[in-house]
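Only one structure is covered here, and it is reproduced in the block below.
The values are calculated or read from the model by the stated rules, or taken from the named source; none is laboratory data. Here the structure is a predicted model, which means the values were calculated and not measured. Cβ: placed from backbone, ideal geometry, glycine included. Neighbour counts: every protein chain shown. The protein model used for the area step is the full one, side chains on, heavy atoms only, and it has no ligands, DNA or RNA in it. Shrake-Rupley method; radii C 1.70, N 1.55, O 1.52, S 1.80 Å.
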Amino acid sequence: MNSIVKSFDELSNSELYDILKLRAEIFVVEQDCVYNDLDGNDEVAHHLMIKNPEGKVSAYARILNKGTRFKQASIGRLVVAKEDRFKGLARQVMTEAARWMKDNWHVDEIHISAQKYLKGFYGSLGYVIVTDEYLEDGIPHLGMDLKI
């Protein structure tokens, strides 16, 4: 499956709905985390999507430029639909997001706020832990950086 990257203004109504629905299904319902998902960064972000054969968003990440959320460029809100997990989509999203950021924004470092239980996954992509553990929305996180 191929990825698509769009700015907020380029998203169709159905794409935006699919993205927000998927984020709510994973972060709010599955992870039982009540938080303010609509934090004002979606409008300035680029949105990387992988769609299933029916055209629905199966995997997604939000891409933010330097100085938006962190001093470095960042990737966040990584989600994969439950029915599409263990197919390599999370790895594909993270790899393609980093490549897109390097090609389009010429960044040489990416920072993520990673849920602690995923540190092995992110480590396998080359991210290194750069902070102590902290709570974000009640979930243990680690700051991790990737030099590209």
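Going through (1) surrounded by fewer than 18 Cβ atoms within 10 Å (Cβ to Cβ); (2) without any contact (Cβ under 8 Å) to a residue 40 or more places away in the chain; (3) not in a helix (DSSP H, G or I) one by one, S74 falls short only on (1).
From L135, L142, which residue is open to solvent by 80 Å² or more (accessible area, probe 1.4 Å), closer than 18 Å to F27 by Cβ and among the hydrophobic types (A, V, I, L, M, F, W, C)? None of the others qualify; the one that does is L135. Mind listing whichever residues of the stretch 116-136 are outside any helix (DSSP H, G or I), within 16 Å of the chain's Cα centre (by Cα) and modelled with pLDDT under 95? Scanning the stretch 116-136 gives a single hit, E136. Pairs, please: C-beta under 6 Å, at least 6 apart or cross-chain, first residue without any contact (Cβ under 8 Å) to a residue 24 or more places away in the chain and in the stretch 1-18, second part of a helix (DSSP H, G or I)? Taking only residues 6 or more apart or on different chains, not a single pair turns up.
Please go through the stretch 89-106 and give me each residue that is of a type in the set (D, E, K, R) and either in contact with a helix residue (DSSP H, G or I) (Cβ under 9 Å, 6 or more places away or on another chain) or in contact (Cβ under 8 Å) with a residue 12 or more places away in the chain (or both), ordered by number. Give the derivation first.
In the first step, residues of the stretch 89-106 are kept if they are of a type in the set (D, E, K, R); the result is 91, 96, 99, 102-103.
Across the stretch 89-106, the qualifying residues are R91, E96, K102.
Say whether the condition of being under 22 Å from L20 (Cβ atoms), assigned to a helix (DSSP H, G or I) and either at pLDDT 95 or above or open to solvent by less than 30 Å² (accessible area, probe 1.4 Å) (or both) is met by at least one residue in the stretch 102-113. Scanning the stretch 102-113 turns up no residue that is under 22 Å from L20 (Cβ atoms), assigned to a helix (DSSP H, G or I) and either at pLDDT 95 or above or open to solvent by less than 30 Å² (accessible area, probe 1.4 Å) (or both).
Would you tally the residues in the stretch 20-74 being among the hydroxyl-bearing types (S, T, Y), at pLDDT below 90 and under 30 Å from I148 (Cα atoms)?
Narrowing the stretch 20-74 to residues among the hydroxyl-bearing types (S, T, Y): 35, 58, 60, 68, 74.
Applying the additional criterion that residues be at pLDDT below 90 yields 35.
Filter once more, so that each one left must be under 30 Å from I148 (Cα atoms): none.
The number of residues fulfilling the criteria is 0.
Can you tell me which residue is farthest from K56 (Cα to Cα) among those in the stretch 90-109 that are of a type outside the set (D, E) and within 12 Å of the chain's Cα centre (by Cα)? Across the stretch 90-109, the extreme among qualifying residues is A98.
Looking for something touching a strand residue (DSSP E or B) at 6+ places or on another chain (Cβ under 8 Å) and more than 21 Å from S12 (Cβ to Cβ) - is there at least one such residue anywhere in the stretch 38-54? If you could, list the steps in order and put the result at the bottom.
The first filter runs over the stretch 38-54 and keeps only residues touching a strand residue (DSSP E or B) at 6+ places or on another chain (Cβ under 8 Å), leaving 41-42, 44-52.
Then drop every residue that is not more than 21 Å from S12 (Cβ to Cβ), which leaves none.
For the stretch 38-54, residues touching a strand residue (DSSP E or B) at 6+ places or on another chain (Cβ under 8 Å) and more than 21 Å from S12 (Cβ to Cβ): absent.
Exactly one residue among A90, A24, A98, A59 is open to solvent by less than 20 Å² (accessible area, probe 1.4 Å), part of a helix (DSSP H, G or I) and either in contact with a Lys or Arg (Cβ under 9 Å, 6 or more places away or on another chain) or not β-branched (V, I, T) (or both), and that residue is A98. Checking E30, E25 one by one, the residue that is in contact (Cβ under 8 Å) with a residue 40 or more places away in the chain and more than 16 Å from the chain's Cα centre (by Cα) is E30 and no other.
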